[in-house]
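Presented below is the structure to which this report refers.
Every number in this text was worked out from the coordinates using simple rules, so none of it is lab data. Keep in mind that what you see is a predicted model, and the values were worked out from it rather than measured. Methodologically, a virtual Cβ is constructed for each residue, glycine included, from the backbone with ideal geometry; neighbour enumeration extends over all protein chains shown.
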């Protein structure tokens with residue numbers, strides 16, 4: 001009996017640690033902070049922007065530091081991935097129900113964010129930063145419209 005309890009406790013610990021690395025649960029737990037997720041997306045966009053600008057600066061240097069260049073590229077990729085995870089794993093799978101008011105518009109804006117984040121991974125084109133910010137602003141306005149009335 002003790003062995004089973006120990007195995008179960010170990011499994012819970014492993015699952016607990018692994019789920020913390022992946023955004024939010026899909027239980028559903030009922031613990032949601034939508035505004036915080038929007039702010040996290042904005043922070044990722046700012047970090048991607050800084051990475052892009054630093055990459056451009058480093059590439060322009062005659063004797064650029066390849067190590068630093070690679071680190072900034074990895075940083076840009078990492079934050080774009082985190083942004084995509086919030087959009088897909090948090091909003092699309094958990095917060096936008098199939099019956100949601102203005103479902104198509106909300107999902108369309110989220111899809112735009114996913115595409116623009118992908119483009120940020122592929123390039124250092126700062127136009128995608130502005131497109132991301134605009135999409136987040138539009139989504140936030142649309143998403144919270146109904147929630148503010150409650």
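Order the peptides 92-99, 134-141 from the highest to the lowest mean number of other Cβ atoms within 10 Å of their residues.
For the peptides 92-99, 134-141, the packing ranking is 134-141, 92-99.
From a point 7 Å beyond the Cα of residue 137 in the direction of its Cβ, which residues of the range 46-73 have a backbone N at a distance under 15 Å?
46
List the relative contact order of the range 22-150 as a percent without decimals, with contacts defined as Cα pairs under 8 Å and 6+ residues apart.
Contact order relative to length: 30 percent.
Mind jotting down the three principal axis lengths of the range 33-149 based on Cα atoms? Whole angstrom, largest first.
Projected onto the principal axes, the Cα atoms of the range 33-149 cover 56, 21, 20 Å.
Ordered by packing density, taken as the mean number of other Cβ atoms within 10 Å over each peptide's residues, highest first, how do 101-107, 64-70, 79-85 rank?
Order by mean packing, descending: 79-85, 101-107, 64-70.
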